[in-house]
Amino acid sequence: MVEAAQTQRLLQRVARAISAATLTMAVTTGCGPSMSGAPPCLPPEYAVSPSSAKLGDSVTVSAADAKCDPRYGADARISIVLVDAAGIEVLRTTAPMTDAGGFSAVVEVPLQSARGVMAVNAIPYGVDWCDDTGRNNRVGRGELALERASCVLPTKPLNITE
């Protein structure tokens with residue numbers, strides 16, 4: 001029993017060390033050039049319009065196509081998440097996205113949202129959207145879920161007023 005507890009503690013320390021090394025590597029490498037020297041094709045910058053809204057109002061989250069070739073595929077989707085000023089996720093939805101990452105989605109600010117600055121996140125759905133290698137990492141249906149490999153979650157503010 002004591003030996004099992006010691007083994008578990010050792011495994012936890014190793015896991016923490018690996019996590020720390022992975023985080024350090026992700027932070028220091030960022031979304032830099034791939035091993036082939038070509039820059040990675042990252043999702044295009046998106047915008048939220050208008051920048052201020054009331055509960056129940058509609059806002060548009062959109063992006064033009066990327067200048068590179070991300071190859072998201074014919075059935076690509078964008079994931080849009082709204083997190084209110086209290087830190088509560090109040091909306092999670094997807095919308096169609098072009099093969100080059102362009103999209104335009106209208107979402108309604110949920111009535112139960114806290115007033116203040118809301119975080120609007122938009123990332124390609126079902127892909128490793130910040131892959132430092134620049135490869136297309138789109139997964140097929142039924143495969144394991146992906147986790148973000150590196151970079152920060154892009155967030156745009158939306159001011160929720162009365």
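The values are calculated or read from the model by the stated rules, or taken from the named source; none is laboratory data. What you see is a predicted model, and the numbers here were worked out from it, not measured in a lab. Here the Cβ positions follow ideal geometry from the backbone for every residue, glycine too, while neighbour counts run over all protein chains shown.
Brief remarks follow.
- For region 113-131, filtering for residues that are at pLDDT 95 or above and either farther than 18 Å from Pro157 by Cα or assigned to a loop (DSSP other than H, G, I, E, B) (or both) leaves 3.
- For region 45-94, taking the residues that are in a strand (DSSP E or B), over 17 Å from Pro154 (Cα atoms) and hydrophobic (A, V, I, L, M, F, W, C), the one that is nearest to the chain's Cα centre (by Cα) is identified as Val90.
- Residue match in region 72-80 (condition: exposed (fewer than 13 other Cβ atoms within 10 Å of the Cβ) and basic (Lys, Arg)): no
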